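First comes the structure, then the notes that go with it.
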Amino acid sequence: MVGWGIWTLLLAVLLGGWVAPADTHSASPGSGSSAEASTMPSPGPAPGPAHTSSSAPPLVAPAAPQSWHGFAPDADGTLVRIAIDDGYGSAMLSLSSDGRVVRVGDTSVNATRDAFVTWRVSGAGLDRALGELARLGILDAEPGAFGQGGVTPSGRSVAFFFGAGGVVSGSEESPRFPSLWRTATRLADPTSYADDLVSGPEPWVPDEIGLLFSRPDAANPYPMAAWPFDEPIEQMAVPAPAGSPGELAVCLRGEDAAKLFAALPGGVVGVFRWSDGTATWSARVDVTTPGYRLYGSGCDPV
């Protein structure tokens, strides 16, 4: 009986009925590999394919990291948002956990679509950028550690927004300000990421736009714009939130947001008188960017 069991085992091996355990592994975020999907932090477990081959078992998805150098992502994946003010000229930059960087080069009502730019960096590039910010000491800074951070006509200031309401600002009266300014402005330049730049820079199209409509003011002759949808404004709108200066609110998302963004007269992301063929209303175009939604926009909860 023992000899028969040995012959049975040999026969199974010859027929391929025994397979050695596969050696599975996962790529670590920030490893610097050219395969971006394996280096970027994952927001959650990736769904497996419907069918797998027994000779090529799928890789095990890496666990989603809980922080990057102490920066934790918010609900939309934004790790840190940076406001950069040079006099009254303002720019805004956001870094997200998937390596996406969005820069708004002009945050005034005179901004144009050209001011909205995006690019993507590798896991190593994201790790390096967040490491630079962490070494500045902003995560545990006391109020005033980098100056008061006020916006003035002739001064420079910078502010960092991160986590659950964390804000650190700095301005030129502080001896620690130059390092803040150098780091913030360098990260706002896509060429500074060198080989860690995976794609872009390219135009950025918002996924959410809010408009708060009020009756046109004769004292403010804003330029006219054609409402780019078949439905009139009143049909698409809801009553504006209580206490809001507007009467109607419209929140556009996805393809609708992209359609209005593309239809802006002169590409200006500002204030217009919107004509829908039945009535004329006045509203500002409030673009939601990663980590930032303007308070009092058409996308505020009613």
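Could you tell me whether Ala240 is closer than 18 Å to Thr280 by Cβ and aliphatic (A, V, I, L, M)? Yes. Could you tell me whether region 277-289 includes any residue that is touching a strand residue (DSSP E or B) at 6+ places or on another chain (Cβ under 9 Å), among the aromatic types (Phe, Trp, Tyr) and open to solvent by 50 Å² or more (accessible area, probe 1.4 Å)? There is no residue in region 277-289 that is touching a strand residue (DSSP E or B) at 6+ places or on another chain (Cβ under 9 Å), among the aromatic types (Phe, Trp, Tyr) and open to solvent by 50 Å² or more (accessible area, probe 1.4 Å). Inspect region 222-241 for any residue being open to solvent by less than 80 Å² (accessible area, probe 1.4 Å), under 30 Å from Arg128 (Cβ atoms) and outside any strand (DSSP E or B) and give the result as yes or no. No, region 222-241 contains no residue that is open to solvent by less than 80 Å² (accessible area, probe 1.4 Å), under 30 Å from Arg128 (Cβ atoms) and outside any strand (DSSP E or B).
Condition test on Val205, is it at pLDDT 95 or above, part of a loop (DSSP other than H, G, I, E, B), open to solvent by 40 Å² or more (accessible area, probe 1.4 Å) and not charged (D, E, K, R)?
Values: at pLDDT 95 or above: yes; part of a loop (DSSP other than H, G, I, E, B): yes; open to solvent by 40 Å² or more (accessible area, probe 1.4 Å): yes; not charged (D, E, K, R): yes.
Criteria met by Val205.
Residues that are part of a strand (DSSP E or B) and farther than 22 Å from Arg100 by Cβ within region 144-166 comprise Ala145, Phe146, Gly147, Arg156, Ser157, listed in sequence order. When region 182-196 is filtered for residues that are under 18 Å from Leu133 (Cβ atoms) and under 21 Å from the mean Cα position of the chain (by Cα), the ones remaining, listed by number, are Thr183, Ala184, Thr185, Arg186, Leu187, Ala188, Asp189, Pro190, Ser192, Tyr193, Ala194, Asp196. When Pro216 is tested against (1) outside any strand (DSSP E or B); (2) over 18 Å from the mean Cα position of the chain (by Cα); (3) more than 25 Å from Thr288 (Cα to Cα), just one condition goes unmet, and that condition is (3).
Could you tell me which of the residues Ala262, Ala257 is surrounded by fewer than 17 Cβ atoms within 10 Å (Cβ to Cβ), part of a helix (DSSP H, G or I) and not acidic (Asp, Glu)? Outline the logic, then answer.
Details: Ala257 fails: surrounded by fewer than 17 Cβ atoms within 10 Å (Cβ to Cβ).
Residue meeting the stated conditions: Ala262.
Return yes when Val158 is open to solvent by 70 Å² or more (accessible area, probe 1.4 Å) and farther than 30 Å from Ala263 by Cα and no when it is not. No.
The values are calculated or read from the model by the stated rules, or taken from the named source; none is laboratory data. Computed from a prediction, not measured in an experiment: that's the story for all the values here. Neighbour counts are summed over all protein chains in view; Cβ atoms, including those assigned to glycine, are modelled from backbone coordinates with ideal geometry. Note: areas computed on protein heavy atoms with side chains; ligands, DNA, RNA excluded. Shrake-Rupley method; radii C 1.70, N 1.55, O 1.52, S 1.80 Å.
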